[in-house]
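Nothing in this text is a laboratory measurement; each read-out follows from the coordinates by a stated rule. Given the structure is predicted, the values throughout are model-derived calculations rather than measurements. Cβ sites come from the backbone with ideal geometry, for glycine too, and all protein chains shown count toward neighbours.
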Amino acid sequence: MRQSIYFNVFEHKGGFYTKNLVKGPQFGERIISIGGEEYRYWDPYRSKLAASMKKGLKNFPFREGSRILYLGASFGNTVSFISDICRSGKIFAVELSYRPFSSLIELSKKRVNVYPIFDDASYPERYAHFIEGVDIMYQDIAQKNQVDIFLRNIQFYKPSMAFLALKTRAIDTVSDPEDIMKGERRRIGNVLETIRLDPYSIDHYMLVVKP
Ligand code: SAM
């Protein structure tokens, strides 16, 4: 196991791992124990952030104390890895559906840096009272208006960097995914990186944005 080029992310036999903040697997992932530490395998097929890293992501602003606004947290799989990375930071995890949200609540009982918020990310002002400041925004919401949601939250929270996992099929089911991505990218502006996430996530792109 050795430190990768990404902060607090380790590499072993071509796979990425994070040092477990709490003992035991969170989502049934493989664990390697070395010298009393547990390292959790970060599956790029289950996390678009890990997929972006496998595909050569250059910008990785996550640090020990970063404050993250995570929109579309679902059951908290990717959130749990960011929680391993930003160990003394805060991850404000917004989720709209009840079942995944209850899993986030359970996660936050074990991981003190995870703050679940049950709300619709289309209305950034509604959850502002929970949030103390945002360094990095991360969004993974497969909705037709995903870019509107992204731009609204950027304007409201003014993060220094933002990640958008863009699902082109949610915007338009017939047009070419690359054309859809290019149209949305023009609308966003200031995109530092565009990463196509296949074969890990088909018809998805990761856009890294400097607002
Ligand atoms: N990011 C997660 C991960 O890597 O573990 C997977 C996210 S999943 C693709 C998308 C999630 O966004 C779903 O759980 C869905 O309920 C949630 N979602 C959809 N629309 C939303 C909205 N307007 N506000 C908040 N969450 C939303």
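Here is how the numbers come out for the structure above:
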{"read-out": "Which of Glu64, Glu193 has the fewest Cβ neighbours within 10 Å, and the rest in rising order", "value": "Glu64, Glu193"}
{"read-out": "Antiparallel bridge percentage (DSSP; both residues within segment 48-209; nearest 5)", "value": "40 percent"}
{"read-out": "Proximal lysines relative to Lys144, as straight alpha-carbon distance under 20 Å, when same-chain residues fewer than 8 apart are discounted", "value": "Lys48, Lys167, Lys182"}
{"read-out": "For segment 1-47 and segment 101-129, distance of Cα centres in Å", "value": "24 Å"}
{"read-out": "Rounded tilt (10° steps) of 146-157 against the dominant C-alpha axis of the chain", "value": "70 degrees"}
{"read-out": "Relative contact order %, the chain, counting alpha carbon pairs below 8 Å whose residues are six or more apart", "value": "17 percent"}
{"read-out": "Efficiency of FRET between Phe130 and Arg152 - r from beta-carbon atoms, R0 22 angstrom, step 0.05", "value": "0.85"}
{"read-out": "Net charge over other residues, Cβ less than 15 angstrom from the Cβ of Tyr39 (K, R count +1; D, E count -1)", "value": "+1"}
{"read-out": "Evaluated at q = 0.15 Å⁻¹: base-10 log I(q)/I(0), Debye formula over Cα of the chain", "value": "-0.93"}
{"read-out": "Ser33-Tyr123 pseudo-label distance in nm [points 7 Å out on the Cα-to-Cβ vector]", "value": "4.7 nm"}
{"read-out": "Percent of Cα-Cα distances greater than 14 Å, calculated over segment 26-86", "value": "62 percent"}
{"read-out": "Residue order, fewest to most beta carbons within 10 Å, for Glu125, Glu95, Glu178", "value": "Glu125, Glu178, Glu95"}
{"read-out": "Flagged links, alpha-carbon separation over 28 Å, of Lys54/Lys210; Lys58/Lys90; Lys23/Lys58", "value": "Lys23/Lys58"}
{"read-out": "Pairs of Cα atoms farther than 17 Å apart, segment 90-211, %", "value": "58 percent"}
{"read-out": "Burial ranking of peptide ranges 113-124, 180-191 (average Cβ count within 10 Å, highest at the top)", "value": "113-124, 180-191"}
